[in-house]
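Scroll down for the structure; my scribbles are underneath it.
Coordinate-derived values only; no laboratory data. Everything numeric in this text was worked out from a predicted model, so none of it was measured. Please note: Cβ atoms are built from the backbone with ideal geometry, for glycine as well, and neighbour counts cover all protein chains shown.
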Amino acid sequence: EAQVTQNPRYLITVTGKKLTVTCSQNMNHEYMSWYRQDPGLGLRQIYYSMNVEVTDKGDVPEGYKVSRKEKRNFPLILESPSPNQTSLYFCASSLFGGSSYEQYFGPGTRLTVT
Amino acid sequence: AQKITQTQPGMFVQEKEAVTLDCTYDTSDQSYGLFWYKQPSSGEMIFLIYQGSYDEQNATEGRYSLNFQKARKSANLVISASQLGDSAMYFCAMREGVPGNTGKLIFGQGTTLQVKP
């Protein structure tokens with residue numbers, strides 16, 4: 001089954017404790033992206049990757065890191081999480097980065113930082 | 001700046017009736033894509049339908065159709081024969097064209113649809 005998977009689905013952590021949210025897709029997509037969803041602010045792009053080893057900042061990259069060493073994986077790293085990073089996070093992928101390609105979303109990771 | 005506007009925070013519809021969810025967009029790009037996603041209470045984002053800026057025909061996918069009026073910059077979603085399972089949040093989104101393409105989806109604020117039995 002074609003899908004984007006994320007782990008963990010739910011995470012409660014404390015301020016400053018490094019964490020990684022994994023993202024994997026099995027569709028051989030070149031483009032991958034991370035979004036966060038917050039009430040009243042909608043979904044905003046954190047980072048994106050056009051292909052392996054090619055990553056760039058989105059609209060809200062502060063406090064996050066990413067890497068794209070393999071085509072299928074695009075982990076999101078929070079080196080020192082803070083309470084303002086409490087959010088619902090989505091990983092998404094599409095065949096390419098062009099405007100005509102739909103993005104497939106993972107199930108979401110609900111993160112709480114206390 | 002590119003922007004998506006959904007002016008209906010919440011909508012009610014009777015089961016089996018049709019409903020239209022409004023979406024207007026703003027862009028200076030000539031090439032762009034318009035998408036609708038459904039987010040049920042469980043949280044996942046489900047792709048519903050796509051319309052390209054150069055497509056002359058309105059997109060349809062089963063009970064979903066997109067009423068695309070390019071001159072008015074509107075891309076309304078029409079759901080025919082509503083079902084209880086259609087109750088969810090619906091997002092209109094636009095994907096940038098080139099140049100300067102980041103591939104991101106720009107989302108509206110969403111419309112919560114409730115289907116009444």
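Condition check: under 12 Å from the mean Cα position of the chain (by Cα) and touching a residue at least 60 places away in the same chain (Cβ under 8 Å). Does B:Met11 satisfy that?
So B:Met11 does not fit the description; no.
Does B:Tyr32 meet the test of being at the interface with chain A (Cβ under 10 Å from one of its Cβ atoms), under 12 Å from the mean Cα position of the chain (by Cα) and surrounded by 19 or more Cβ atoms within 10 Å (Cβ to Cβ)?
Working: at the interface with chain A (Cβ under 10 Å from one of its Cβ atoms): yes; under 12 Å from the mean Cα position of the chain (by Cα): no; surrounded by 19 or more Cβ atoms within 10 Å (Cβ to Cβ): yes.
No, not satisfied.
Test B:Leu21 against the criterion of being within 25 Å of A:Pro39 (Cα to Cα), within 14 Å of chain A (Cβ to nearest Cβ) and not polar (S, T, N, Q), and give yes or no.
Values: within 25 Å of A:Pro39 (Cα to Cα): yes; within 14 Å of chain A (Cβ to nearest Cβ): no; not polar (S, T, N, Q): yes.
For B:Leu21, the condition - within 25 Å of A:Pro39 (Cα to Cα), within 14 Å of chain A (Cβ to nearest Cβ) and not polar (S, T, N, Q) - is not met.
Report whether or not B:Phe107 is in contact with a Gly (Cβ under 6 Å, 6 or more places away or on another chain), within 12 Å of another protein chain (Cβ to nearest Cβ) and not small (Gly, Ala, Ser). Please lay out each step first, then the result.
Numbers: in contact with a Gly (Cβ under 6 Å, 6 or more places away or on another chain): yes; within 12 Å of another protein chain (Cβ to nearest Cβ): yes; not small (Gly, Ala, Ser): yes.
It is true that B:Phe107 is in contact with a Gly (Cβ under 6 Å, 6 or more places away or on another chain), within 12 Å of another protein chain (Cβ to nearest Cβ) and not small (Gly, Ala, Ser).
Identify all residues within region B:27-77 that are free of Cβ contacts under 8 Å to residues at least 12 places away in the same chain, of a type in the set (A, V, I, L, M, F, W, C) and closer than 18 Å to A:Gln103 by Cα; write none if there are none.
Hits for region B:27-77 are B:Ile46, B:Ala59.
Can you give me the number of residues within region B:83-117 that are in contact with a Pro (Cβ under 7 Å, 6 or more places away or on another chain) and acidic (Asp, Glu)? Give the steps one after another, and end with the answer.
Taking region B:83-117 as the starting set, the residues that turn out to be in contact with a Pro (Cβ under 7 Å, 6 or more places away or on another chain) are B:84, B:88, B:111-112.
With acidic (Asp, Glu) added as a condition, the list becomes none.
So the answer is 0.
Kindly list the number of the only condition in (1) surrounded by fewer than 15 Cβ atoms within 10 Å (Cβ to Cβ); (2) under 14 Å from the mean Cα position of the chain (by Cα); (3) under 16 Å from B:Asp22 (Cβ atoms) that fails for B:Arg72.
(2)
Please go through region A:26-45 and pick out each residue that is within 14 Å of another protein chain (Cβ to nearest Cβ), closer than 19 Å to A:Glu102 by Cβ and either touching a residue at least 40 places away in the same chain (Cβ under 8 Å) or not in a strand (DSSP E or B) (or both).
A:Met27, A:His29, A:Glu30, A:Tyr31, A:Met32, A:Ser33, A:Trp34, A:Tyr35, A:Gln37, A:Leu43
Out of the residues in region A:79-112 meeting the condition of being buried (at least 20 other Cβ atoms within 10 Å of the Cβ) and of a type in the set (A, V, I, L, M), tell me which one is farthest from the other protein chains (Cβ to nearest Cβ).
Filtering first and then ranking leaves A:Leu111.
Scanning region B:24-53 for residues that are outside any strand (DSSP E or B) and in contact with a strand residue (DSSP E or B) (Cβ under 6 Å, 6 or more places away or on another chain), which turns out nearest to B:Thr5 (Cα to Cα)? Outline the logic, then answer.
Let us first name the residues in region B:24-53 that are outside any strand (DSSP E or B), namely B:27-32, B:40-45, B:53.
Keeping just the survivors that are in contact with a strand residue (DSSP E or B) (Cβ under 6 Å, 6 or more places away or on another chain) gives B:32, B:40, B:45.
On the way: B:Tyr32: 16, B:Pro40: 20, B:Met45: 19 Å.
Among those that are outside any strand (DSSP E or B) and in contact with a strand residue (DSSP E or B) (Cβ under 6 Å, 6 or more places away or on another chain), it is B:Tyr32.
Taking the stated definitions as given, is B:Ser42 buried (at least 16 other Cβ atoms within 10 Å of the Cβ), of a type outside the set (A, V, I, L, M) and within 28 Å of A:Ile46 (Cβ to Cβ)? Before you say what the answer is, go through the steps one by one.
Numbers: buried (at least 16 other Cβ atoms within 10 Å of the Cβ): no; of a type outside the set (A, V, I, L, M): yes; within 28 Å of A:Ile46 (Cβ to Cβ): yes.
Against the criterion (buried (at least 16 other Cβ atoms within 10 Å of the Cβ), of a type outside the set (A, V, I, L, M) and within 28 Å of A:Ile46 (Cβ to Cβ)), B:Ser42 does not qualify.
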